[in-house]
Each structure stands twice: as C-alpha cells, then as structure tokens.
Amino acid sequence: MTKIPPLLETRNLTMRFGGVLANDGVNFSLGEMELRCLIGPNGAGKSTFFKMLTGQLTPSEGTIRFRDHPIDGHPSHEIARLGIGIKTQIPNVFNGLSVRENIWLAAQRKTTRNAARQIVDEVLERIMLKDLAGAIVGQLSHGQRQWVEIGTVLAAEPELILLDEPAAGMTDEETERTAEIIHEINKTRALIVVEHDMEFIKMIAKTVTVFHQGRIMLEDNVEAVLADSRVRDVYLGKKVAA
Amino acid sequence: MSDTVKLSAQIAAVLVACIVVAVMPLYADLFQLMQFTLFASMAVLALSLGFIWGFGGILCFGQTAFFGLGAYAYAVAAINYGDSTPAILCAVIVPALFALALGYFVFYGRISDVYLGVITLTVTLILFNVFNSTAGDEYTIGTARLGGFNGMPAVPTFNMPFDPTAILYPEDSWYVTGGALIAIYVGLRLLLRSRFGRVAIAVRENETRAALLGYDPRVVKLWVFVLGGAIAGMGGALYVNWGAFVGPTIFALSLSAEIIIWICIGGLGTLIGPIVGCFLIQYLVSQIGSQQSFNSNLVLGAILIVFVLLLPQGLVPTLRNLVAAGWYRVSERRRETGHGQSRQMTAGQPVGAE
Ligand SMILES: Nc1ncnc2c1ncn2[C@@H]1O[C@H](COP(=O)(O)OP(=O)(O)OP(=O)(O)O)[C@@H](O)[C@H]1O
Ligand SMILES: [Mg+2]
C-alpha cells in the first residue's frame, strides 16, 4: 500500500523567542491541491508558522518537509525556488518600483522574456491594476499594495501559496474578488490562508486549522470548527463576523 | 517622467559629455586639462560608490581601499612590465578579487549593513598602515619598490596598447580618462537595464521580498560590490596615470568621506549625480585653494550642511523632479484643452506632484 506523501508536512515544529513559545510542537500536514484556512487569535503563532515555512525564521526544533524534501532552516530564496510563495502579513513589496516592475520581477526568474511579459499582462488583468501598471507602488493605497503583493505571488507561479491575512484593509468587493481568485488558484495549486474575517473564511474554507498559543487546538471542516465552543472562547472579545 | 523621456535625457547627457570631452583640449590650457583629467579619474571612483550605494544599497565607507589597491596594482605591474596595457588589467582585477573575498565574508556572514560600513572603514585603515610600513628594500615586488610612506614615484604612465614606446600626451590622457568615465557610465546604464541590474535594484528595494521570490540577495550584492571594486580600481589606474605617483595617503579616510559628500550633493540613486557632485566640489575646492582666503574644508562642510537641510535629495534628483513636474503640467494642460480626456495617472508620476 503506497501512500502519496503530503505536499507539506511539519513535525514537532517549535519556535522560541527567549521565553515565548510562539510555536509549540506543531504537527501539520497539507495534501496536494488542498485549500486550508488557518485561524486563531492574535499572537497564536500563525505568522511565525509561515515564517518558518518560508525560511524567514529557523525553527528552534522540529522538521518541515515539502514534497518529502527537508526545507527547515533553508534560506528563503531556496524555498521560493522549490515552489512556495507567500504574501506576508505586513505588505512586502518593492515600494520604489512600478506595479509592472514588481510583477515582472516575480515572473521573469524562471521564464523567457516573452513568457514573462505575457504573465505580467495576465496578472495585471487578474489583480485589476492594469490602469495603474506604471504607478509607483509606494504611492498606492494599502489595499492596492496588498493586490500588488498577491500579484507578485501569482506571477512567480509557486506550487504552494501562503496568504497571511489577504483581506485585511480591503473593501467588501475586493474581499469577494480575493475569494474568487483563491478559488481559481486552487483549481491547480495548494493554498494556506490565514484570516481573521470569519465571513471570508466561510466563503473559501473547506478544512480549518485553529491555532491557539502556538499549538494546533483543532482541525476540522469549517462548519464543525465554527460551531465549536472552544473556538468561540479563544476568540471571545474579538468580533467573529466582520 | 516616462521611461522614454528618461532614456532620451540619458542619451542626450552622454552625447553632450562626449562633445565636452572632445573639444575640451581646444578651450582649456594644459594646467586646466590636467586638472580635469584628475577630476575625471576621481569621478570614476565616485561613480563606483554611487553605483554600489545607490543601486545596491551597499554603503561602503572605504571605497578608497579598492581605488588605492587599483593604483598600487597598476604601479607595480607597470614598473614590472614596462607596458601599461597589462597594468590596467591588473588595476581592475586585483581590487575586484579583493572585493570578492571581502564581500563574500560580509554578505555570506550575514553581517548587518552598519557593520559593513565599519568593516570597510577598518580595512582602509589597515591598508593605509600596511602600505605605509613598506619602506624597506624587502618590500619589493619584482622590480617595483613599494616605498613605504614615500610611495612609488615615476610610475610609467599610459602608453598605446601594447606599445610602450608610444607614451600618451596629456591631451591623450584626457581623452582616455574622460572616455573611460563615459564608457563606464554607459556600461552601468546598460547593466541597470538588464535582468541582473533590475534584480539588483529589487534587492536594494526590499531584500526580504527579493528572497521570497527566489533571488539570493547575497549573490546579487556580492556581484554589485565586486563590480564597484573593479571600477574603483580602474579609477586608481587613471589617477596614477595622471600623477605618475602613488603613496599610502591614497587610502586616507578623508578621501573616502569626500566621495560620500560628492554623492550626497550630486544625488544618491543616480549615476550622473556622483559625477556632477565630484566635478563641482573638486572644482570649487581647487578655486578656493588657489585664493587661500578660505579654508576649503570649512566651505565643504558648509555646502554639505546646506544640501542636507535644503536639498536632501541632491542636485540631480531635485532638478529631475522639477523638470518632471513641469513636464507633467504641460502635458496635463495639453490633454485637457486638446482632447478633453479624463485625467489619468501617468507612469511613475508622484501623486499630487502639481
Ligand atoms: N521576532 C520576534 N521576537 C519575539 N517575539 C516574537 C517575534 N515574532 C513573534 N513573536 C511573538 O510570538 C507570538 C506569535 O506571534 P505571531 O505573529 O506568529 O502571531 P499571529 O498568530 O500571526 O498573530 P496576529 O493574528 O496578530 O497576526 C506572539 O506572542 C509574538 O509576540
Ligand atoms: Mg500574524
């Protein structure tokens, strides 16, 4: 009986900042083409988890395997080349460059000149920034910069896409558009999405993993998770529906 | 300003520079020509730092280390070979290799940007002390004596390629130095338009994002640094060709500081800026020096303070923005009266730049 290895698997993943246990023995597994939502209150360790997956942090303990290939502690650019792309929580874009240049930089690394140009045009269309292609990114609104960053992630065509709070700072329409794009991407690729906005989670989620105090508290389908009283408890004080 | 406007401006600048270099010997006397040759060799040094700092985000406080190594490498090789052709090559390769070694240690050791400044500064000091203490006969490379604090006098100057009997006249040296400056400028411009150049700018903009897109910032910065070292070394060779002399004061910290001032005044993040700043300040300092009524360092300090307070971006970017704002206003008016089209954001136009 051969089992297909998961796309991503972490074992006992732990991150300590001095005395703070930001991640505490996380065992996480994601299948090929899966769409997973990650929720949890502020400080639960979601962004730290993403940073370890993308080489921005070296785990204190534990392992990460991407397609059965160990990647924990590897530099970010190597992990990116293996096919993991991320939109970070705090927008990480090339502020001094144009929207088009941002997208081009993401697209050109592994393709030819013409293919890159085509990808750039497609992505600009998708993120609806075609009219602002020449604008300097630093002068755009927060929401637009989020789109630029999502655009760079799409243009790099990774196998696994991590989105850390993609809907933050977006209008309702933009949030819906984001959900649409996520569904589109998910036809060919796997995603992990961190969000606080429960309406948004309901729009996209199948399976939800709940982080609490650096550990996985619960993992189930979206209805079960949202009905779970413990989830409500940890979120108490936080507006559940946006 | 749109890309085509920028490109036309750059091409125009190069053409003007070529004409200036070509006709200068007709208008300047020998002394002035020699002086401009010196300025141009210094401008190559300024350009090298302007490139790595403005486009690679690498603030090197010791760019003179590569300048000085290039100068010494040229001098030693020229004395040994009796021909400047291989010596110029040495002046480029030796500092480039040194930059490769130093850069590898700095960028791969994940040393922070502040320490990079400290380390390059220290290296320059060490080089000064090393070359300063090579007075004895035992410090001889081939037939070239390093000469300690006295330096190396009577270094052979440039000759026609592979023809040591055809020594260049001062006019020729001016053409070579001015020509080299223009050629290096054009080369860097082309580089910045290439894939590598665009990635280098991306790394300067946001190292984390560049890495998350699969670019290794260490490699990119290392090559930028090495190229900067090679160009500074070329500047060193041009400098020795000007004076037929090199001594340890070439590693002086005051020169390293001066280049930074030239760049701040001319404009960081441009390639023209460092050249303009270098010529302007050196010309000014030489004028003040000949009058002897002011202390040139005092004036230099005052100019720097004025610039930091009033034109923090430097001359070239400030002028460019003024021109761009004017251009924008003109094209807006044309659009409104001519076609009555709705307003659009033009490429790279600062919002509210009117
Ligand atoms: N670089 C760091 N140094 C020290 N502590 C850190 C660091 N980064 C994160 N932490 C701590 O680790 C814990 C987890 O932070 P993390 O940013 O991963 O949470 P999060 O789930 O993403 O929260 P949010 O929903 O607010 O984004 C927090 O207690 C935080 O203060
Ligand atoms: Mg977070």
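Here, each number is a calculation from the coordinates, and none is a lab measurement. Quantities reported herein were computed from a predicted structural model and do not represent experimental measurements. Please note: Cβ atoms are built from the backbone with ideal geometry, for glycine as well, and neighbour counts cover all protein chains shown.
Relative to the first principal axis of the alpha-carbon coordinates of chain B, what is the inclination of helix B:64-81, with its axis defined by its Cα atoms, in degrees from 0 to 90 and to the nearest 10?
That works out to roughly 40 degrees.
What is the distance, in nm, between label points placed 7 Å from the Cα along the Cα-to-Cβ direction at residue B:169 and at residue B:219?
So the label points at residue B:169 and residue B:219 sit 5.0 nm apart.
Report D for segment B:118-173 in µm² per second (integer): Stokes-Einstein, Kirkwood Rh on Cα pairs, 10 °C, 1.306 mPa s.
Calculated translational D: 116 µm²/s.
So how compact is chain A: Cα radius of gyration and Dmax in angstrom?
17.8, 56
Give me Rg over Rh for segment A:110-212, both radii from the alpha carbons and Rh done the Kirkwood way, two decimal places.
The Rg/Rh ratio comes out at 0.97.
For the Cα atoms of chain B, what angle does the longest principal axis make with the long axis of helix B:113-132, in degrees from 0 to 90, nearest 10?
20 degrees
Assigning unit charges at the beta carbon (Lys, Arg +1; Asp, Glu -1) and nothing else, what dipole magnitude in debye, to the nearest 20, does the protein assembly as shown show about its Cα centre?
320 debye
Using +1 at the Cβ of each Lys and Arg and -1 at the Cβ of each Asp and Glu in the protein assembly as shown, identify which of B:136, A:106, A:170 lies farthest towards the dipole's positive end.
Checking the options against the dipole of the protein assembly as shown, the answer is A:170.
Taking every residue in B:203-210, how many Cβ atoms of other protein chains lie within 10 Å of its Cβ, on average?
6
Mind checking segment B:146-238 for chymotrypsin sites (Phe, Trp or Tyr not before Pro) that DSSP puts in a loop (not H, G, I, E or B) and that have at most 13 other Cβ atoms within 10 Å?
Passing both the DSSP loop test and the Cβ count: B:162.
Distance between Cα centroids, segment A:77-109 to segment B:283-319: provide it in whole Å.
41 Å
How much mean residue ellipticity at 222 nm does chain A get from its helices, if each DSSP H run of length 4 or more adds -39500 (n - 2.57) and you divide by all residues, to the nearest 500 deg cm²/dmol?
Helices in chain A give a 222 nm mean residue ellipticity of -10500 deg cm²/dmol.
With +1 on each Lys and Arg Cβ and -1 on each Asp and Glu Cβ, how big is the dipole of chain B about its Cα centre, in debye rounded to the nearest 20?
1280 debye
Give me the tail of P(r) for segment B:193-290 as a percent: Cα-Cα pairs with distance above 18 Å.
62 percent
What does the C-alpha gyration tensor say about the overall shape of segment B:94-189? Classify as rounded when a/c is under 1.5, otherwise prolate if a/b is larger than b/c, or oblate.
Note, shape of segment B:94-189 comes out oblate.
What Kirkwood hydrodynamic radius do you get for segment A:157-242 when you take the inverse of the mean 1/r over all pairs of distinct Cα atoms, in Å?
13.8 Å
If I model a spin label as a point 7 Å beyond the Cα along the Cα-Cβ vector, how far apart are those points for residue B:208 and residue B:20 in nm?
Each label point is offset 7 Å from its Cα along the Cβ direction, giving 4.2 nm.
Rounded to whole Å, give me the distance from the Cα center of segment A:164-201 to that of segment B:185-258.
42 Å
So how much slack lies between residue B:298 and residue B:149, counting 0.36 nm per residue of separation and subtracting their Cα-Cα distance, in nm?
Full-extension gain reported as 50.9 nm.
Quick one: plug the Kirkwood hydrodynamic radius of chain B (C-alpha pairs) into Stokes-Einstein at 4 °C, 1.567 mPa s, and report D in µm²/s.
Diffusion coefficient, whole number: 60 µm²/s.
Just flag the trypsin sites (Lys or Arg not before Pro) in segment A:153-198 sitting in loop per DSSP whose Cβ has no more than 12 other Cβ atoms within 10 Å.
Counting only loop positions with at most 12 other Cβ atoms within 10 Å, the trypsin sites (Lys or Arg not before Pro) in segment A:153-198 are A:187.
Would you calculate a helix-derived [θ] at 222 nm for chain B, using -39,500 (n - 2.57) for each DSSP H run of n ≥ 4 and dividing by the full residue count, to the nearest 500?
-24500 deg cm²/dmol
Does segment B:127-250 come out rounded, prolate or oblate by the C-alpha gyration tensor, with a ≥ b ≥ c the root eigenvalues, rounded set by a/c under 1.5 and, if not, prolate when a/b is larger than b/c and oblate if not?
oblate
In segment A:25-117, which trypsin sites (Lys or Arg not before Pro) are in a loop and have at most 15 other Cβ atoms within 10 Å, using DSSP for the loop call?
A:67, A:110
What distance in nm lies between label points placed 7 Å from Cα along the C-beta direction at residue B:322 and residue B:104?
So the label points at residue B:322 and residue B:104 sit 4.8 nm apart.
Show me, bin by bin at 10 Å from 0, the whole-percent P(r) of the protein assembly as shown based on Cα pairs.
Computed distribution, short to long bins: 3, 14, 21, 20, 16, 13, 8, 3, 1, 0.
Taking only the alpha carbons of segment B:1-138, what extent do you get along each of the three principal axes, in Å, biggest first?
In descending order, the Cα extents are 46, 43, 24 Å.
Using the alpha-carbon atoms, what tilt in degrees (0 to 90, nearest 10) does helix B:315-338 show relative to the longest principal axis of chain B?
20 degrees
Once every Cα of segment A:94-157 carries one equal point scatterer and solvent is ignored, give the base-10 log of I(q)/I(0) from the Debye formula at q = 0.13, 0.30 Å⁻¹, two decimals.
-0.27, -1.36
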